[in-house]
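Engineer: There's a structure below that I have some questions on.
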Amino acid sequence: YEITTLFHFVARSWMDEDLPLEYQFGFMSFGNELLLQAKSEIALASSILPSGLVNHSTTTKLEVFDALSASSFRIYGITLKPTDSSAASNYIESIVSTSMSSTDINMVGSILNAVNCSGVINCNKVNRHGCSDVDFSCGPCLEGFIGESGSKNSLCVYHPLISSTPKTVLITYKCKSDNDCDLFQYCDSSGSCGKMPKQCPNSCSNQGDCSFINSNTGLQVPKCDMTSSDCQAVCKCIAGFGGASCALSSAQVQQKIILRQKMLVSFNNQTTKSASPQEVISRASTLSSITQKVDELGAEAVRPVFSAVGDILQSALVIGVGYEKLGGVLQSVDNVASVSSGDGT
């Protein structure tokens, strides 16, 4: 079972001329490779595991290093049975503090980042990948298709059709259905073709209003069509609700903000002296996991996140870790910048 079953991992029969061997155990969570046990000569580890999104399968990884830092790895998928939400809540309540281990931070981050895919449409019909990283939303456009970027529920079209379509279409075209209109257009109530507006996630769960915001100024604008790159659709939740889709109560959002803040404090309390390249890369992934959901970051997160980013980049510079391996750091900066500018919740 996810969260409640204790798994034991053992590395056996690994051989190399350049001894000693060191072993690192981890798992994948929403694109981040998170550690269960940092690199050491101990060839075993024990941990619970969070459930993955697809068929409740979680991918675990063992990486083995020799004395010259050459490495080889094996991955193994584990299908977990889901538990009820109370098990996750009880675990989080028992473990979250300002003095958590890296493993505990990774585990709690994976639980908090779980995606709610209930009610998601058939993503193949809109030429998108399945729901994977944003609540109530399909994934990005399939390869070869173009549409609204990121995880959305809007239509993606095969891109050769774009070049054969007029770039400018008068909205006075008359129509009876959306099929009578051009790409990224719809038939409005007056029988005219208009540009398809961007949509808010899950229609703001019927607990908020969908507004359009200029991405550069943060100011509200009257319209934002699907092909515009300088605006976005965001939910303005009614009193008592919050989150990107207004699906949570204000109390639930505040609780998640507090949890992530404690994780950030704990993360920054951990020493980074004599860190190995693998540990620096792992810290970048952990920070990305902590800051993954912008609407669950408070203003208090800005300072510790920038402090953590500076620490990771400095360690990477000293050790010689290429910045291309620290992509999670850039995403953390983007997310906390959204909070700083007031666009987070």
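Engineer: Ignoring ligands, DNA and RNA, please state the percent of accessible area on the chain from carbon and sulfur, probe 1.4 Å.
Structural biologist: Carbon plus sulfur share of accessible area: 53 percent.
Engineer: The list (i) 1.30; (ii) 1.50; (iii) 1.12 gives values of Cα Rg over 2.2 N^0.38 Å, and only one came from this structure; which label was calculated from it?
Structural biologist: Derived directly from the coordinates: (iii).
Engineer: By per-residue mean of other Cβ atoms within 10 Å, what is the highest-first order of 326-332, 236-242, 282-288?
Structural biologist: Going by the mean number of other Cβ atoms within 10 Å, highest first, we get 282-288, 326-332, 236-242.
Engineer: How much solvent-accessible surface does His56 expose, in Å² to the nearest 10, with a 1.4 Å probe and all protein chains in place?
Structural biologist: So the heavy atoms of His56 present about 80 Å² to solvent.
Engineer: How many nm is it between the label spots at His129 and Lys236, if each spot is 7 Å from the Cα in line with the beta carbon?
Structural biologist: In this crude spin-label approximation the distance works out to 3.3 nm.
Engineer: Something else: Suppose each label sits 7 Å from its Cα in the direction of the beta carbon; what would the Asn216-Ser149 distance come out to in nanometres?
Structural biologist: Simple spin-label model gives 1.5 nm for this pair.
Engineer: Still on this structure, I have one more. Hey, what does the equivalent ellipsoid look like for region 249-345, semi-axes from the Cα gyration tensor as sqrt of 5 times each eigenvalue, largest first, whole Å?
Structural biologist: Its equivalent ellipsoid spans semi-axes of 25, 13, 10 Å.
Engineer: Using 0.36 nm per residue, how much length does the chain from Gln314 to Ile121 gain when fully extended, once their Cα-Cα distance is taken away?
Structural biologist: In short, 65.1 nm is gained.
Engineer: What is the Cα radius of gyration of region 1-125 over 2.2 N^0.38 Å, N being its residue count?
Structural biologist: Here the answer is 1.20, to two decimals.
Engineer: Okay, next question. I'd like the orientation of helix 327-340 relative to the chain: the angle between its Cα long axis and the longest Cα principal axis, in ° from 0 to 90, rounded to 10.
Structural biologist: Result, in degrees: 60.
Engineer: Still on this model: Work out the FRET efficiency for Thr4 and Asn268 from their Cβ-Cβ distance, taking R0 = 30 Å, and round it to the nearest 0.05.
Structural biologist: Working from the Cβ atoms, E equals 0.50.
Engineer: Mind checking the dipole of the chain: about its Cα centre, +1 per Lys or Arg Cβ, -1 per Asp or Glu Cβ, Debye to the nearest 20?
Structural biologist: Here the chain has a charge dipole of around 700 debye.
Engineer: Let me have the 222 nm mean residue ellipticity of the chain computed from DSSP H runs of 4+ only, each contributing -39500 (n - 2.57), with the sum over all residues rounded to the nearest 500.
Structural biologist: Taking each H run of at least 4 residues, the total per residue is -8500 deg cm²/dmol.
Engineer: Additional query: Does anyone have the angle between helix 102-112 and the longest principal axis of the chain? Alpha-carbon axes, 0 to 90°, nearest 10?
Structural biologist: Helix 102-112 sits at roughly 20 degrees to that axis.
Engineer: So, in nm, how far is label Ala251 from label Thr83 when the simple model puts each one 7 Å beyond its Cα toward the Cβ?
Structural biologist: Result for the modelled spin labels: 2.3 nm.
Engineer: Still on this structure, please answer the following. Given a Förster distance of 25 Å, report the FRET efficiency between Lys174 and Asp225 from their Cβ-Cβ distance, rounded to the nearest 0.05.
Structural biologist: Calculated value: 0.80.
Engineer: Need one value: the accessible area of Asp178 in square angstrom, 1.4 angstrom probe, rounded to the nearest 10.
Structural biologist: Here the residue's solvent-accessible area equals roughly 80 Å².
The values are calculated or read from the model by the stated rules, or taken from the named source; none is laboratory data. This is a predicted model, so every value here is computed, not measured. Methodologically, a virtual Cβ is constructed for each residue, glycine included, from the backbone with ideal geometry; neighbour enumeration extends over all protein chains shown. What goes into the accessible areas is simple: the full protein's heavy atoms, side chains included, and nothing from ligands, DNA or RNA. Shrake-Rupley method; radii C 1.70, N 1.55, O 1.52, S 1.80 Å.
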